[in-house]
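Below you'll find the structure, written out as structure tokens, and then a few comments.
The values are calculated or read from the model by the stated rules, or taken from the named source; none is laboratory data. Note that this is a predicted model, so its numbers are computed, not measured. Here the Cβ positions follow ideal geometry from the backbone for every residue, glycine too, while neighbour counts run over all protein chains shown.
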Amino acid sequence: MLLLHPKDIACRQAVELITDYLEGTLSRRDRRRLEFHLRGCPNCSAYLEQIRTTIRVSGSIQADDLTSEARQELVDIYRRWKSE
Ligand SMILES: [Zn+2]
């Protein structure tokens, strides 16, 4: 179990919420929480942009397209950004 700074936990939660955010399935409350986090966090904003670009390139994104491996890959990319 990794020990994470509270800020990182917020980012991890944001990353998990972004897919639902893009699918429009977030509750209004979670949506507001995520948008608030994105405004203050360039890393998560960049991550969101990355996924938006992927969606533009591939035409669409389905829940089935985001396998757990793909999701993990995105989280790994995100972690690399964080460590730079
Ligand atoms: Zn963040």
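Do you know which of the residues in the stretch 40-56 that are at pLDDT 80 or above and of a type in the set (A, V, I, L, M, F, W, C) is surrounded by the most Cβ atoms within 10 Å (Cβ to Cβ)?
Step by step, filter the stretch 40-56, then rank; the result is Cys44.
Do you know which of the residues in the stretch 1-21 that are modelled with pLDDT of 60 or more and away from the ligand (no atom under 12 Å from the Cβ) is nearest to the chain's Cα centre (by Cα)?
Thr19
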